[in-house]
Amino acid sequence: MALNHNPFIELLADCSLEDRDETPPPTNNESQDDEFVYYESGEPYYKWEVNSFNVAEFEERYGNRPIFTREFLRYIAKKKDDADSALQKDKSLTLFHTPRIEEPGHGDRFIIGEVRDSHHYDDDIVSVRYLSRVELHPEFQQLRRTSESVGLLREYNDDVDTEGDWLPVPFALQLVERDQSTYHADVNKMGEWRDHLQQMKKFWINSKACKDIGDAILGCPIPVQRIVCFGLGTLPFEAKDFNRVLEHLMVLQLAELLDETNKEKGSSISPVEVFLQDPAYQKKDRQLLQGLRQGVKFVEDPQGVLAIDQNTLVIGAFVPTAFPLMQIMADSFEEGQGPAAFLIDNIQRRCDEPGMYKSNDRLSPRAEHMVENYTKHSGVFSKEALRKELQEALVGHPRYWMESMGLWTRKKDEQAPAGKAAP
Ligand SMILES: C[S@@+](CC[C@H](N)C(=O)[O-])C[C@H]1O[C@@H](n2cnc3c(N)ncnc32)[C@H](O)[C@@H]1O
């Protein structure tokens, strides 16, 4: 498979809680590139990043069918296993996807991944890239400059950067470097970090912020029995990024609160399961977090999305829009169903025109439709609700992460009983 760098590590380096300004300044006429739109803070922006595409019309044309159904996610998992196995046996393998009869592109065969025996490092792993609805749009794919996922598919299908044929393929597999860090082997530092996390946990438990989110989750109309998290990031071992510590403490404490409440009610429900997915996790994160709560499960694509059921609280903390979490989630449930709640940033659409979406939109028409069955929590999660010690630890950060998040809880469904098992 092409490209041997870890894009997720680059994304982490690029972590910012501030939104990009969506208003395009005037076009720079000096640019020779017809797809260049503007510069912002020295960064060039191209049409694929700022244009909007009629996704509603596109989805309608193909019968408004969900793409990332559970069946399709399991198919992706199987392709990933095949690539993993070739990698481990040091064999060459080309992986294909053949759209089914009802899907666009039926009759063609597309390459979605390549393992070359002599063309990878021993420590590489296979990662999944999903395409959002905008990235799948034929007009988006006609642009010369394009997103990483479409670029990867072009590379596999011998269409490097020309105005290409449409590649109606919703995913690709990519080899990326495995994390090589050895922080977990530093016994003294790990000890210091365990103590630090325990101390911060005490401050968190005794904060109003912890109580506020706990009350909101206990108040969900559909009870939460599982928490599935995406993109909470690697814990900052040397450099400081205290939001990531707070994100993990909040999740683990919510699980404890739900367990205690279940026990008080005399319920025989098993402990709340916590799934954590982030390709940036290191060995030290796994050890430290499992030390805070036993049984935390670390998963990789597509297992995280497959773990979401109707009693799940889903958390997506500034995941890149290149990972279309909301769109995948909406596809993976039957119409009218969805997880018990989700906590995510930036789900508002970037374009006012009906049906039009941009590449950095989290939602698609189908995902918007799913959100209609949810109520946005009206409470405010502000920095002031943190204890003084936690506020001090946040100094130097743009903002407290929860200030950028919205909590959406599923309305109780008259037809489907609450607590229905995972589809
Ligand atoms: C902008 S950073 C946010 C990190 C952290 N939540 C914070 O507040 O600093 C985005 C995170 O999403 C992760 N990410 C990217 N693709 C992902 C995927 N498919 N599943 C889960 N996490 C992903 C990146 O590795 C990165 O840690």
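Val305 - would you say it is more than 16 Å from the ligand (Cβ to nearest atom), open to solvent by less than 30 Å² (accessible area, probe 1.4 Å) and either modelled with pLDDT under 95 or outside the structural domain of Tyr130 (by TED's automatic domain parsing) (or both)? So Val305 fails the test. Only residues that are buried (at least 16 other Cβ atoms within 10 Å of the Cβ) and in contact with a strand residue (DSSP E or B) (Cβ under 6 Å, 6 or more places away or on another chain) were counted in segment 85-110, giving 6.
Checking each residue in segment 264-295 for being closer than 15 Å to Val245 by Cβ, within 16 Å of the ligand (Cβ to nearest atom) and not charged (D, E, K, R) picks out Leu276, Ala280, Tyr281, Gln282, Leu288, Leu289. Only one of the numbered conditions (1) in a helix (DSSP H, G or I); (2) without any contact (Cβ under 8 Å) to a residue 60 or more places away in the chain; (3) of a type in the set (A, V, I, L, M, F, W, C); (4) away from the ligand (no atom under 15 Å from the Cβ) is violated by Leu249, and that is (4). Exactly one condition in (1) within 16 Å of the ligand (Cβ to nearest atom); (2) closer than 21 Å to Gln310 by Cα is false for Pro236; which is it? Condition not satisfied by Pro236: (2).
Lys283 satisfies every condition listed in (1) over 26 Å from Lys383 (Cβ atoms); (2) open to solvent by less than 10 Å² (accessible area, probe 1.4 Å) except (2). Within segment 121-141, can one find any residue that is part of a helix (DSSP H, G or I), within 16 Å of the ligand (Cβ to nearest atom), in contact with a strand residue (DSSP E or B) (Cβ under 7 Å, 6 or more places away or on another chain) and open to solvent by less than 10 Å² (accessible area, probe 1.4 Å)? Checked against the condition, which is being part of a helix (DSSP H, G or I), within 16 Å of the ligand (Cβ to nearest atom), in contact with a strand residue (DSSP E or B) (Cβ under 7 Å, 6 or more places away or on another chain) and open to solvent by less than 10 Å² (accessible area, probe 1.4 Å), segment 121-141 yields no hits at all. Of the strands (runs of 3 or more DSSP E) lying entirely inside segment 324-423, the ones with 1 or more residues being without any contact (Cβ under 8 Å) to a residue 60 or more places away in the chain and open to solvent by less than 70 Å² (accessible area, probe 1.4 Å) are found at 374-376.
The values are calculated or read from the model by the stated rules, or taken from the named source; none is laboratory data. Owing to the predicted nature of the structure, the values given are computational and were not obtained by experimental measurement. A quick note on method: Cβ atoms are made from the backbone with ideal geometry, for glycine too, and the neighbour counts reach across all protein chains shown. Areas reflect the complete protein model, heavy atoms only, side chains present, ligands, DNA and RNA absent. Shrake-Rupley method; radii C 1.70, N 1.55, O 1.52, S 1.80 Å.
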